[in-house]
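Structure first, commentary second.
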Amino acid sequence: MLHITDLTKRYESGGLEQFALQPISLSVEQGEFVAIMGPSGSGKSTFMNLLGCLDKPSSGSYVLDGIEISQLDENKLADVRNRKIGFVFQAFHLLPRSSALTNVELPMLYAGFSRKERRERATEALGRVGLAERLHNRPNQLSGGQKQRVAIARSLVNRPAILLADEPTGNLDSRSSLEIMAIFQELHAQGVTILLVTHETDIAEHAERIITFRDGAIIADDRVQNRRIAQ
Ligand code: ADP
Ligand code: ADP
């Protein structure tokens, strides 16, 4: 699904070139559920921005779903971002005055679906995350965990090749965090490919593989033993 070879990102600072990412090589197969850990400044955000086609590498190759990303111009990059990648953020990023349905329909506006198709797919996606009874609620009528479930539904409606989640439980209490991890595990069971950044070991252990960054390099890539199952 995703093949990375010698990918780097350098920044210029005070005339000096600094590696935010050392040459990184990595493959993630279709349907894997991967957690990404590492201390602050270790390169996690830089890496996720490259994976999400929000930024371009300084060198190396990134192939997503058969497409060489590192060669694309801005327009093509935006296109891949819209069609191939679902994003979930710590802060939800929902439209505050719009219903759950409208929020979830949003990514489909650019994908050329009819109004009817948008409504049907958004309704189905909200059902998938357990919000079938909340279609017409606005974000301020939903709990934190429910808001994040709307964001997850929104990330899935274009059937992305990968789902990228950046600290998705960072704003949630532990009960809501477990609910969210249960949803990620359910999506994983349905075959969705997930990469999730967290600095909480408890959260990372819900994934099946944990990749650890330090100083812009991958220092560990482990299969999770005795994986936690969220209730
Ligand atoms: P993390 O997400 O793990 O906290 P980052 O990817 O944000 O780490 O940062 C990795 C390294 O790259 C850090 O040393 C950081 O200072 C540097 N860095 C990140 N973004 C920039 C930027 N826009 N300009 C210069 N240096 C940056
Ligand atoms: P379909 O044949 O209708 O696409 P599948 O059996 O492939 O259905 O998938 C089962 C469910 O998973 C459907 O509800 C579909 O919308 C959803 N689905 C399939 N692939 C993805 C994906 N990559 N991301 C999100 N949802 C997906």
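Please treat every number below as a calculation from the coordinates, not as lab data. Model, not experiment: these values are computed from the prediction. Because the Cβ atoms are built from the backbone with ideal geometry, glycine has one as well, and the counts that use them run over all protein chains shown.
Nothing charged except the Cβ atoms of Lys and Arg (+1) and of Asp and Glu (-1): what's the magnitude of the dipole of the stretch 2-223 about its Cα centre? Round to the nearest 20 debye.
Working: 25 positive and 28 negative charges, 212 e Å.
Roughly 1020 debye for the stretch 2-223.
For the stretch 173-185, take each phi angle, set θ = phi - 60°, evaluate the Karplus expression 6.51 cos²θ - 1.76 cosθ + 1.60, and give the result in whole Hz per residue in order, putting x for glycine and proline.
6, 5, 5, 5, 4, 5, 4, 5, 5, 5, 5, 4, 5
Output wanted: per-residue J couplings in Hz (rounded whole) for the stretch 34-50, from phi through Karplus 6.51 cos²θ - 1.76 cosθ + 1.60, θ = phi - 60°, x for Gly and Pro.
Whole-Hz 3J(HN,Hα) from phi for the stretch 34-50: 10, 9, 10, 10, x, x, 4, x, 7, x, 4, 5, 4, 5, 5, 5, 5.
Dipole of the chain (Lys/Arg Cβ +1, Asp/Glu Cβ -1, origin at the Cα centre): which of Ser114, Ala217, Ala125 lies farthest to the positive side?
Going by the Cα projections, it comes out as Ser114.
Output the antiparallel fraction of DSSP beta bridges having both residues in the chain, as a percent to the nearest 5.
That works out to approximately 55 percent antiparallel.
Need one number for the chain: average projected area of the convex hull over its C-alpha atoms, nm².
In nm², the orientation-averaged hull projection of the chain is 13.0.
May I ask which of Lys9/Lys147; Lys56/Lys116; Lys84/Lys147; Lys56/Lys147 have a Cα-Cα span longer than 28 Å here? Walk me through the numbers on the way to the answer.
Values: Lys9/Lys147 33 Å; Lys56/Lys116 36 Å; Lys84/Lys147 23 Å; Lys56/Lys147 30 Å.
Flagged as over cut-off: Lys9/Lys147; Lys56/Lys116; Lys56/Lys147.
Given the C-alpha centroids of the stretch 20-51 and the stretch 200-231, what is the distance between them in whole angstrom?
Going from one Cα centre to the other spans 12 Å.
State the three equivalent ellipsoid semi-axes of the stretch 1-115, derived from the C-alpha gyration tensor as the square roots of 5 times its eigenvalues, in descending order and whole Å.
28, 18, 15
Search the structure for amide H atoms under 5 Å from the amide H of Val224, placed 1.01 Å from N in the peptide plane, and list their residues when 5 or more places away or on another chain.
For Val224, the qualifying residues are Arg209, Ile210.
Taking H placed 1.01 Å from N in the peptide plane, check which residues at least 5 places from Arg214 or on another chain put their amide H under 5 Å from its amide H.
Ile219
Taking just the alpha carbons, could you work out the radius of gyration and Dmax for the stretch 50-132, both in angstroms?
That works out to 15.3, 45 Å for Rg and Dmax.
Assuming 1.002 mPa s and 20 °C, estimate D for the stretch 115-203 with Stokes-Einstein, Rh taken as the Kirkwood radius over Cα pairs, in µm²/s.
Estimated via Stokes-Einstein, D reaches 158 µm²/s.
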